[in-house]
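> Got a structure for you, questions after.
The values are calculated or read from the model by the stated rules, or taken from the named source; none is laboratory data. Since the model is a prediction, treat every value here as computed from it, not as a measurement. Cβ: placed from backbone, ideal geometry, glycine included. Neighbour counts: every protein chain shown. Each accessible area value is taken on the protein alone, full model and side chains, heavy atoms only, with ligands, DNA and RNA left out. Shrake-Rupley method; radii C 1.70, N 1.55, O 1.52, S 1.80 Å.
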Number of protein chains: 2
Amino acid sequence: MADPRINIINERLKEVKHVIAVSSGKGGVGKSLVASVLALTLTRKGYKVGLFDMDFTSPSTHVILGLEDLQPKEDKGIIPAQAYGLKYMSITHYSREQALPLRGADVSNALIELFAVTRWNTLDFLVIDMPPGISDATLDTIRLVKGIKFLIVTTPSQLAFETVRKLIKLLKELKIPIIGVIENMKMKSSQLIRCQVENHGVKFLGEIPFDTKLEEAIGSVRMLMETDFAKKLEEIASNSFKGFSFERLGACACKL
Amino acid sequence: MADPRINIINERLKEVKHVIAVSSGKGGVGKSLVASVLALTLTRKGYKVGLFDMDFTSPSTHVILGLEDLQPKEDKGIIPAQAYGLKYMSITHYSREQALPLRGADVSNALIELFAVTRWNTLDFLVIDMPPGISDATLDTIRLVKGIKFLIVTTPSQLAFETVRKLIKLLKELKIPIIGVIENMKMKSSQLIRCQVENHGVKFLGEIPFDTKLEEAIGSVRMLMETDFAKKLEEIASNSFKGFSFERLGACACKL
């Protein structure tokens, strides 16, 4: 039997053209930085963008973007706050009120509830900062959000890629589209990750060199967008999203 | 009402002197490497050591130690495999047989079951590679394993420490002993993490410089133990465990 919440959530998302789940096999690979900077980059290109931090394991986009004090409003649901031209929503808006950490089923319910009540309205892109790995939240999101596409972040480390392999396998089994894989924190030249990604029949979107200045830019959008990290990510986004989103969005306004 | 499984688990662990939960606020900080190398270091110092990989989100100690093919045996419970002088057990031994990823409650039950059936027998140290952050598994482990002590790994990154702060807060509220915090992947001199850790009334155990050669050593215990990472961790362990474990273990054989 179909989950009745699927209809509610997809009614909420009906004016959202693309839902991009920025994901990773494990934590610490720069997933939240990629999600944040990707959302900002798309905004600067003139798209209507939402950023939804669903990483209940370590929500950090509010720290990255310096949005600690931003709060959504309530009006027949939740209206995301606006900052830097994008609509912003985070699990922290929910979990901050909780005295104790949420247990598994509660996390799942909280995320589903947030999906069901948040009024994104018209968006070209909803960028989701997913929890790392394959958690209940990942499985629920896949099950509930129609047309979701995954963008996977890894590092050159074998340990990170081992977990990406599992995620790719799951997504392929469930027939969920994978935009591709970004190799972050690259320190030396190697084709190893590219080869492995392509051997899985997944697009390798590009590599981002390890950026020692990134840490200092955390909390300042101005500094963040001037980093080599942001420049490289912009280049990857411009090249890789061609044909699937940028161009088609320009050509038609209908839900793809 | 007390959970009846507490008795079963603590009966299993009654000959284990110290249970050390190697933990982190988020993934990607080197927690599994610290757990693996710490377990090897203690083994080389002559202690009886067990390593239990409970990080179902991205189990990796079997990759780090090159133990992919090692299997535990069954005999009135599960007898951990032996390798490099230590007893080894991993959630992968359980999850490999599962076709689909486990959901929250199943993960929790699987971990509790593994705790309840694994026959560690006599150990000086049981080193646990915990899942990152505050998950159900963390809460269950705290609830079920008497006398557990936490060793927390972070990086110099604000994003990593933000999550460590939450973990420290939780552990202090629950009155769970914290051995201290290790700052891993240090790239430049800064007292920021040390100050913040000490401001929380927690011991700062030391810092480990970013080791570019570590990645190549993954899978080879010989190479791993020759890295600067391993040397620095051995130094930290020797200094920091003084008085709480090394010396007292030498002086008395009773359960502390």
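> Condition first: open to solvent by 20 Å² or more (accessible area, probe 1.4 Å), outside any helix (DSSP H, G or I) and within 14 Å of chain B (Cβ to nearest Cβ). Now tell me which residues in the stretch A:130-148 satisfy that.
A:Pro132, A:Ile134, A:Ser135
> With the requirement that a residue be open to solvent by 90 Å² or more (accessible area, probe 1.4 Å) and part of a loop (DSSP other than H, G, I, E, B), what does the stretch A:213-243 give you?
Once the filter is applied, which keeps residues that are open to solvent by 90 Å² or more (accessible area, probe 1.4 Å) and part of a loop (DSSP other than H, G, I, E, B), the stretch A:213-243 yields A:Lys213, A:Glu226, A:Lys242.
> Do we find that B:Ala160 is within 15 Å of the chain's Cα centre (by Cα), within 14 Å of another protein chain (Cβ to nearest Cβ), more than 14 Å from B:Ile20 (Cα to Cα) and not in a strand (DSSP E or B) in this structure?
It is false that B:Ala160 is within 15 Å of the chain's Cα centre (by Cα), within 14 Å of another protein chain (Cβ to nearest Cβ), more than 14 Å from B:Ile20 (Cα to Cα) and not in a strand (DSSP E or B).
> Okay, next question. Using the structure shown, decide if B:Leu114 is farther than 19 Å from A:Lys166 by Cβ and either buried (at least 23 other Cβ atoms within 10 Å of the Cβ) or within 14 Å of another protein chain (Cβ to nearest Cβ) (or both).
Spelling it out, it is not the case that B:Leu114 is farther than 19 Å from A:Lys166 by Cβ and either buried (at least 23 other Cβ atoms within 10 Å of the Cβ) or within 14 Å of another protein chain (Cβ to nearest Cβ) (or both).
> Only one of (1) among the aromatic types (Phe, Trp, Tyr); (2) more than 26 Å from A:Phe125 (Cα to Cα); (3) open to solvent by less than 60 Å² (accessible area, probe 1.4 Å) fails for A:Phe210. Which number is that?
With respect to (1) among the aromatic types (Phe, Trp, Tyr); (2) more than 26 Å from A:Phe125 (Cα to Cα); (3) open to solvent by less than 60 Å² (accessible area, probe 1.4 Å), A:Phe210 is out only on (3).
> Go through the stretch A:163-187 and give me each residue that's open to solvent by 40 Å² or more (accessible area, probe 1.4 Å), part of a loop (DSSP other than H, G, I, E, B) and among the hydrophobic types (A, V, I, L, M, F, W, C).
A:Leu174, A:Met187
> Does any residue in the stretch A:23-49 that is within 14 Å of A:Thr227 (Cβ to Cβ) come within less than 7 Å, Cβ to Cβ, of a residue that is of a type in the set (Asp, Glu) six or more places away or on a different chain, and which pairs are these?
Within 7 Å, the pairs are A:Thr41/A:Glu234.
> Just checking, does the stretch A:77-96 include any residue being touching a residue at least 60 places away in the same chain (Cβ under 8 Å), buried (at least 16 other Cβ atoms within 10 Å of the Cβ), within 14 Å of another protein chain (Cβ to nearest Cβ) and of a type outside the set (A, V, I, L, M, F, W, C)?
Here is the first cut: in the stretch A:77-96, the residues touching a residue at least 60 places away in the same chain (Cβ under 8 Å) are A:77, A:84.
With buried (at least 16 other Cβ atoms within 10 Å of the Cβ) added as a condition, the list becomes A:84.
With the extra rule that they be within 14 Å of another protein chain (Cβ to nearest Cβ), the set shrinks to none.
No, the conditions are met nowhere in the stretch A:77-96.
Conditions tested, residue by residue: (1) farther than 24 Å from B:Cys195 by Cβ; (2) modelled with pLDDT under 95; (3) more than 18 Å from the chain's Cα centre (by Cα).
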site: B:Phe125; (1), (2), (3): yes, no, no
site: B:Asp129; (1), (2), (3): yes, no, no
site: B:Pro132; (1), (2), (3): no, yes, no
site: B:Asp140; (1), (2), (3): yes, yes, no
site: B:Val145; (1), (2), (3): yes, yes, no
site: B:Lys149; (1), (2), (3): no, no, no
site: B:Val153; (1), (2), (3): no, no, no
site: B:Ile168; (1), (2), (3): no, no, no
site: B:Ile176; (1), (2), (3): no, no, no
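> Does any residue of the stretch B:55-66 turn out to be touching a helix residue (DSSP H, G or I) at 6+ places or on another chain (Cβ under 9 Å), open to solvent by 20 Å² or more (accessible area, probe 1.4 Å) and farther than 22 Å from B:Thr141 by Cα?
Yes, the stretch B:55-66 contains at least one residue that is touching a helix residue (DSSP H, G or I) at 6+ places or on another chain (Cβ under 9 Å), open to solvent by 20 Å² or more (accessible area, probe 1.4 Å) and farther than 22 Å from B:Thr141 by Cα.
> A further question follows. Taking the criterion of being within 13 Å of chain A (Cβ to nearest Cβ), under 24 Å from B:Gly66 (Cα atoms) and open to solvent by less than 40 Å² (accessible area, probe 1.4 Å), would at least one residue in the stretch B:122-129 satisfy it?
Of all residues in the stretch B:122-129, those within 13 Å of chain A (Cβ to nearest Cβ) come to B:129.
Add one more test, that the residue is under 24 Å from B:Gly66 (Cα atoms), and what stays is B:129.
Still in the list and also open to solvent by less than 40 Å² (accessible area, probe 1.4 Å): B:129.
Yes, the conditions are met somewhere in the stretch B:122-129.
> Which number in (1) surrounded by 24 or more Cβ atoms within 10 Å (Cβ to Cβ); (2) at negative phi marks the one condition that B:Lys48 misses?
(1)
> Out of everything in the stretch A:19-44 that is out of contact with any helix residue (DSSP H, G or I) (no Cβ under 8 Å at 6 or more places or on another chain) and more than 14 Å from every other protein chain (Cβ to nearest Cβ), what residue ends up being farthest from A:Ile178 (Cα to Cα)?
Once the filter is applied, the top-ranked residue is A:Thr43.
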